[in-house]
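A short worksheet on the structure shown next.
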């Protein structure tokens with residue numbers, strides 16, 4: 001019985017130590033990445049390349065390049081995320097303004113314009 005308690009204590013100590021460490025087995029995801037994975041990655045891909053079965057070859061599906069139908073600035077992205085693109089992409093009016101800004105920030109990360117640690 002004593003060895004079970006020692007094993008539990010050791011395991012709990014390891015969890016506490018790992019919680020303060022950047023080398024966790026599962027990475028911490030930003031709010032933007034979480035929303036991206038839930039609403040955007042199915043079409044645009046996890047990495048934003050657009051290389052997904054339904055959108056491979058669609059020039060505007062790759063969000064990492066400079067080819068943007070409506071412009072790649074933050075205001076244009078906000079409108080497209082909220083309203084969609086007729087016949088191409090659904091809108092997501094249910095997202096809060098904070099979630100939309102977080103997704104835009106994540107797109108900047110995917111494009112290499114920001115690091116995942118920056119928020120705006």
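Above 16 angstrom, tally the Cα pairs of the stretch 30-110 and express them as a % of all pairs, no decimals.
Tail fraction, whole percent: 45.
Figure the gain on full extension for residue 70 and residue 98 (residue separation times 0.36 nm, minus the Cα-Cα span) and round it to one decimal in nm.
Roughly 8.0 nm would be gained on extension.
Treat the count of other C-beta atoms within 10 Å as a stand-in for reagent exposure and order 4, 101, 29 from fewest to most.
If I rank by nearby Cβ atoms, fewest first, I get 4, 29, 101.
If I stretch the segment between residue 116 and residue 51 completely, what's the gain in nm (0.36 nm per residue apart, minus their alpha carbon distance), one decimal?
Taking residue 116 through residue 51 to full extension adds about 21.2 nm, to one decimal.
Once fully extended, how much extra length lies between residue 37 and residue 3, figured as 0.36 nm per residue of separation less the alpha-carbon to alpha-carbon distance?
Working it through step by step, the gained length comes to 8.0 nm.
Would you mind ranking 85, 103, 80 by Cβ crowding within 10 Å, fewest neighbours first?
Least to most surrounded, the residues fall as 85, 80, 103.
Mean separation of Cα pairs under 8 Å and 6+ residues apart, divided by the residue count of the stretch 30-110: what relative contact order is that in percent?
Over the stretch 30-110, the number comes to 32 percent.
Determine, for each peptide in 68-78, 38-48, the mean count of other beta carbons within 10 angstrom over its residues, then list the peptides with the highest first.
Final packing ranking: 38-48, 68-78.
Every read-out reported here was derived from the displayed coordinates using simple, explicitly stated rules and does not represent laboratory data. Values in this document were obtained by computation on a predicted structure and should not be read as measured data. All Cβ positions, even for glycine, are placed from backbone atoms using ideal geometry, and neighbour counts span all protein chains on display.
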